[in-house]
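The values are calculated or read from the model by the stated rules, or taken from the named source; none is laboratory data. Keep in mind that what you see is a predicted model, and the values were worked out from it rather than measured. Because the Cβ atoms are built from the backbone with ideal geometry, glycine has one as well, and the counts that use them run over all protein chains shown. Side chains included, ligands, DNA and RNA excluded: accessible areas come from the protein's heavy atoms. Shrake-Rupley method; radii C 1.70, N 1.55, O 1.52, S 1.80 Å.
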Amino acid sequence: MIKRYTDHSANERTYLAWIRTAIAIMTFGFLIEKFDLFIETLRLSAGITHIPQTSEITEMVGIGLFALGILLIMLATWRFFVCKKHIASETDFPYDLTYTTLILSVLMVMVGGILLAYLIRYVY
């Protein structure tokens, strides 16, 4: 039997949740990029010329979200191995707010803010 199995499995579930979140963010960035291409194709096929071009901003948002997803995967992987080492260790470590958790949370708030600004800019 693995020592502290429940702690290790909880650490792995948390890691996988961060990986799923990062993949969803990267997918959303890809979707934004491709949706702009779809809108541009519709605009050109309909002969509409007065719709504002959004490709530069959409491209930046899409690439930014993709890069953010990659960064989240790297940070989550680093955090997973640090927690794994702490769980396997015989010494007690105090539980406090780590920089990785704070960085991941700030990145998620930034994603929400970027998407909110993007939606406000193009909906209104």
Test set (1) out of contact with any helix residue (DSSP H, G or I) (no Cβ under 8 Å at 6 or more places or on another chain); (2) closer than 16 Å to Ala17 by Cα; (3) surrounded by 12 or more Cβ atoms within 10 Å (Cβ to Cβ) - Ser105 fails condition number: (3)
Long-range neighbours under 9 Å by Cβ, at least six apart or interchain, first residue more than 21 Å from Met1 (Cβ to Cβ) within the stretch 82-104, second part of a helix (DSSP H, G or I) and of a type in the set (Lys, Arg): Thr98/Arg79; Thr100/Arg79; Thr101/Arg79; Leu104/Arg79
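Given Phe93, Phe66, Phe80, which one is open to solvent by less than 50 Å² (accessible area, probe 1.4 Å) and of a type in the set (Phe, Trp, Tyr)?
Working: Phe93 fails: open to solvent by less than 50 Å² (accessible area, probe 1.4 Å); Phe66 fails: open to solvent by less than 50 Å² (accessible area, probe 1.4 Å).
Every option except Phe80 fails the conditions.
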Positions within the stretch 36-62 being at pLDDT 75 or above and open to solvent by 100 Å² or more (accessible area, probe 1.4 Å), in sequence order: Met60
